[in-house]
Amino acid sequence: MTLASKIIETERLTLRPFTLEDAEDVTNLCDNYNIYKTTLHIPYPYTLENAKEWISSHEINRKEDTLYQFAITDKDSGELYGSISLSNRKNHQNGEIAYWLGEEFWGRGFVTEASKAMIQFALKRLFKKSGENDTSNFFVSLLFHSSRINCIRSGTQSYAASIFSILSILLFEHVLCGKEFPSRICIPS
């Protein structure tokens, strides 16, 4: 797989693999107590050695199909804003999107934009493996199946889980199919 095939572009961002040349920028962004307290795995203080070790693990994770890590960068200038990753926990048959963003970039919608791109990336990988042709039907059935399993595991079919399922379907239809996301959603109480 070439480096170019690992790049995802959005309206304002480029998501690309990290390189060791990013280590100093990663250190500058992550050596921040507010980043540390909002993440699970970032130490504080954060050193250049931490950054180099972390970046060096990315290609192995990708080859093992366990974790896909991308630098969130400005599409025009290439400035590093943060990181977004998608885990593939095969033993639990689920994944997770995780991110960190330099504090000076908070509140600008970068994570929302990057997350939509990661969801598309994840679904393309999932559909490619499943051989499904109709991605929207496949995803909707998968989402309902996953939500139901999560509710059964927790022992309750909660109102919040139902709301989450509805909103998730709307979001993914918006991301995948380009359907307009409703400006108003009425949910009966």
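Quick rundown of the values:
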{"quantity": "Residues of the range 2-14 that turn out to be assigned to a loop (DSSP other than H, G, I, E, B) and either surrounded by 11 or more Cβ atoms within 10 Å (Cβ to Cβ) or in contact (Cβ under 8 Å) with a residue 24 or more places away in the chain (or both), as a count", "calculated": "4"}
{"quantity": "Residues of the range 95-134 satisfying the condition of being outside any helix (DSSP H, G or I) and modelled with pLDDT of 65 or more", "calculated": "Gly95, Glu96, Ile97, Ala98, Tyr99, Trp100, Leu101, Gly102, Trp106, Gly107, Arg108, Gly109"}
{"quantity": "Number of the condition not met by Thr112 [criteria: (1) within 17 Å of the chain's Cα centre (by Cα); (2) surrounded by 12 or more Cβ atoms within 10 Å (Cβ to Cβ)]", "calculated": "(2)"}
{"quantity": "Those residues of the range 15-55 which are open to solvent by 70 Å² or more (accessible area, probe 1.4 Å), part of a helix (DSSP H, G or I) and either modelled with pLDDT under 95 or among the hydroxyl-bearing types (Ser, Thr, Tyr) (or both), in sequence order", "calculated": "Tyr33, Tyr36, Lys37"}
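The values are calculated or read from the model by the stated rules, or taken from the named source; none is laboratory data. Being a predicted model, the structure only gives us computed values, none of them experimental. A quick note on method: Cβ atoms are made from the backbone with ideal geometry, for glycine too, and the neighbour counts reach across all protein chains shown. Note: accessible area is taken over every heavy atom of the protein model, side chains too, but ligands, DNA and RNA are not part of it. Shrake-Rupley method; radii C 1.70, N 1.55, O 1.52, S 1.80 Å.
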